[in-house]
Structures are given as C-alpha cells and as structure tokens.
Amino acid sequence: QNKKLTMTLVRMFSEKFMASASQLYKRAVQYELAKTGLRYEDLLNESQREVVEALEYADPDVITGRTRRLKRAMDLNLKHKHYNDYAKDVDQETFKYEIYDTIDKIKARDQEFALLNMHKK
C-alpha cells in the first residue's frame, strides 16, 4: 500500500515537472523561431518518406509559404539579422500546423497496411 502511494506521488510529480519543462522548452523554441520567421513545421526533415508524401499532398500555397520562410531564414542568417528587425508586430503563427494531420494519416495508413500484410511473412 505504501509502495503504491509512493509510486503515485512520483508519477504526479514527474507529470507536473514534465508539463512545466515542456512549456519552457516550447517558449524557448518559439523565441528562436521568431528570430528567423520560421514555423515549427518548417523544421521537419524532408528526407523522411511521410514528410515528402505529405508535402506532395499539401496545398501549393503551403509549399510556397514554407519555401519562402526557409529562404528568408537563410538570408537573415547570412546577414546576421533577425526577422523581428524587419517585422516587429507580426504574428508568425509559430505553431500553426498545416501538414502534421496529413503526416499522421500517412503513418496510420502505413501501419494499417503493415498489419494487414503480416500474414504474408
């Protein structure tokens, strides 16, 4: 009984700690992305098959915006400038997700396909 109570307290403490740590990390990432004008989704690795496929399905405006943000970030980095120097009061929507849903659907589809074809092994 005492062991269960201890484990429950440890779990509660660790969940609260992780929640606050994740919020601090999210703020730090948002601050760094705001310097370059990038969104969190712009950092996705394009060598992953799911990401490539999701970008193929994405709206052309999403691809154009992503490409422009990446080019602007490279240009600002080359010039040693920050995005905020040029656009102070712009809401960058750092955590706006436009292709994550598609990536999740692709992963679920692939997992379902693998499960349905397990009998062939």
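The values are calculated or read from the model by the stated rules, or taken from the named source; none is laboratory data. Just so we're clear, the structure is a prediction, and the values are computed from it rather than from any experiment. For neighbour counting, all protein chains shown are included, and Cβ atoms are generated from backbone atoms with ideal geometry for every residue, glycine included. In case anyone asks, the SASA skips ligands and DNA or RNA and just uses the protein heavy atoms, side chains included. Shrake-Rupley method; radii C 1.70, N 1.55, O 1.52, S 1.80 Å.
Carbon-plus-sulfur accessible fraction, the stretch 23-75 (probe radius 1.4 Å, protein heavy atoms only): 54%.
Annotation for the stretch 72-118: GluC sites (Glu not before Pro) lying in DSSP loop with at most 11 further Cβ atoms inside 10 Å of their Cβ are 93. Between rounded, prolate and oblate, where does the stretch 13-59 land on the alpha carbon gyration tensor, with a ≥ b ≥ c its root eigenvalues, rounded for a/c under 1.5, else prolate if a/b exceeds b/c? Verdict is oblate for the stretch 13-59. In a simple Cβ point-charge model (Lys, Arg +1; Asp, Glu -1; nothing else charged), the chain has a dipole of about 660 debye relative to its Cα centre. Of the GluC sites (Glu not before Pro) found in the stretch 1-57, the ones in coil according to DSSP and having at most 11 other Cβ atoms within 10 Å of their Cβ are 46. Evaluated over the Cα positions of the chain, the convex hull gives a direction-averaged projected area, one quarter of its surface, of 12.7 nm².
Remark: the chain carries 81 Å² of accessible area per residue (probe radius 1.4 Å; ligands, DNA and RNA excluded).
With the whole protein complex present, residue 52 retains an accessible surface near 60 Å², based on a 1.4 Å probe.
Would you work out which of 52, 77, 20 lies farthest towards the positive end of the dipole of the stretch 1-82, given +1 charges on the beta-carbon of Lys and Arg and -1 on that of Asp and Glu, about the Cα centre? Selected residue: 20. The listed residues 35, 26, 3, 71 rank as 3, 71, 26, 35 when sorted by accessible area, largest first, using a 1.4 Å probe. Mean residue ellipticity at 222 nm, helices only, the chain: -23000 deg cm²/dmol; runs of at least 4 DSSP H residues each add -39,500 (n - 2.57), and the sum is divided by the number of residues.
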